[in-house]
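Worksheet: the structure to be examined is printed underneath.
Please treat every number below as a calculation from the coordinates, not as lab data. All of these numbers come straight from a predicted model, not from anything done at the bench. Cβ coordinates were reconstructed from backbone atoms using ideal geometry, including for glycine residues, and neighbour counts include every protein chain displayed.
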Amino acid sequence: MNVERLVDQMLTGDRRALARLITLVENGHPATNFILSRIQGRCGQAYVVGFTGPPGAGKSTLVDRFTGSLRARGYSVGIVAVDPSSPFSGGAVLGDRIRMQAHYLDESVFIRSMSTRGSHGGLARTTRQIVELLDAFGKSFVLIETVGVGQTELDVMRIADTTVVVLVPEAGDTIQTMKAGLLEIADIFVVNKADREGAARIKAELEAMLQLRPGESWSVPVVLTRAVSGEGVETLLEKVLEHRAWREKAGVQARQNAAVRQEEFLRALEEEIARRLASAVERGAFADVFDRLRQGTVDPYRAALEVVERGDAIVDALRA
Ligand SMILES: Nc1nc2c(ncn2[C@@H]2O[C@H](COP(=O)(O)OP(=O)(O)OP(=O)(O)O)[C@@H](O)[C@H]2O)c(=O)[nH]1
Ligand SMILES: [Mg+2]
């Protein structure tokens, strides 16, 4: 397989090439760093919106309608549905296919489900890399859906430029016990299923709680929606666009990008070193050390320290 050609095809709009590249990156293919470095020049255009919240809150339905609103304004959309709880994304794919039916035939919408299977190097990081592929592919918006139940999901939401936390009226009593995490990561709250009783009350409760959030210049709005009928979705889009404008003005984007790039550099470097060491060993590197280990004249820890301190054997291994 010629990865370079695959990247070129993807960059000219080939959806199947995009799908294949996503799979390679998801599986931590050795060419991952190469692929990602090839597309960097085309990244940085997509705006990433995360949707999280309790199971069944209506996230997929909302993402579907939100996509409709974006498409109506001429934006192209990438969707990543992250389901960390399931070992296979089969169920999620099926469910999302049904709920996002309207867009499955739309060439300007690319939908991808992923599960822990694709967690090579951490689910959040893999998701970020897939978002970069969608960005380079030319999507103006990338939407990430994940169930807001644990730390992994909160980490995934850190990728988003705007995080939308979706709740339902029944969550009223649970707000108090809601993980502080969800409250902190929300840039926008949605109370979905507003057709049900208690929506106005939970909105008021949220607004009261949000007033206690100290020293933020962005004031988190609470939007009522009925995802099934699409009511409130235009308002939600307006709020997302407002948040984007606020971020740009406040310089949030630039600061986050710098931090991410530094983190990514270190991770990519670690991976590259580990990969090259492993293949050098396969080709016979460190044979002398292995001999001494077998004879018992050195222990693994001392051997590792010695090799690192001496340096040259490692440099040779990395170069090869
Ligand atoms: N009454 C009502 N039902 C809704 C609304 N939005 C979504 N639903 C229904 O709620 C159910 C769950 O919707 P999903 O969109 O699958 O919710 P989800 O949050 O993506 O669910 P998971 O991904 O499984 O966590 C479906 O039966 C929807 O039709 C709404 O505004 N009102
Ligand atoms: Mg869903």
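Observations
- Alpha-carbon Rg with Dmax, taken over segment 259-319, Å: 13.8, 46
- Set of lysines with alpha-carbon distance to residue 193 below 26 Å, sequence-local pairs under 8 removed: 59, 179, 203, 239
- Dividing the mean sequence gap of close Cα pairs (under 8 Å, 6+ apart) by how many residues the chain holds gives a relative contact order of 18 percent.
- Centroid-to-centroid separation of segment 1-64 and segment 276-320 [C-alpha atoms, Å]: 37
- Dividing the helix sum by the residues of the chain, where each DSSP H run of 4 or more adds -39500 (n - 2.57), gives a mean residue ellipticity at 222 nm of -16500 deg cm²/dmol.
- Contour minus Cα-Cα distance for residue 287 and residue 268 (0.36 nm per residue): 4.2 nm
- Computed from the C-beta positions of residue 170 and residue 301, the FRET efficiency with R₀ = 56 Å rounds to 0.55.
- If you plug the beta carbon distance of residue 219 and residue 27 into 1/(1 + (r/R0)^6) with R0 = 51 Å, you get a FRET efficiency near 0.75.
- Distant-in-sequence amide H partners of residue 48 (H built 1.01 Å from N, under 5 Å): 142, 161, 162
- Summarising the strand pairing of the chain, around 5 percent of its internal DSSP beta bridges are antiparallel.
- Once the Cβ-Cβ distance of residue 208 and residue 254 is raised to the sixth power relative to R0 = 25 Å, the FRET efficiency obtained is 0.15.
- Gaussian network model of the chain, Cα within-10 Å springs - most flexible of 134, 241, 123: 241
- Under 17 Å from the Cα of residue 249 - aspartates and glutamates, other chains or at least 8 residues apart: 161, 187, 216, 238
- Cβ-to-Cβ counts within 10 Å put 127, 67, 61 in ascending order as 61, 67, 127, the fewest first.
- Other residues within the sphere of radius under 13 Å centred on the Cβ of residue 278, judged by their own Cβ, net out at -1 (K and R +1, D and E -1).
- The Rg/Rh ratio for the chain is 1.06, where Rg is the radius of gyration of the alpha carbons and Rh is the Kirkwood radius.
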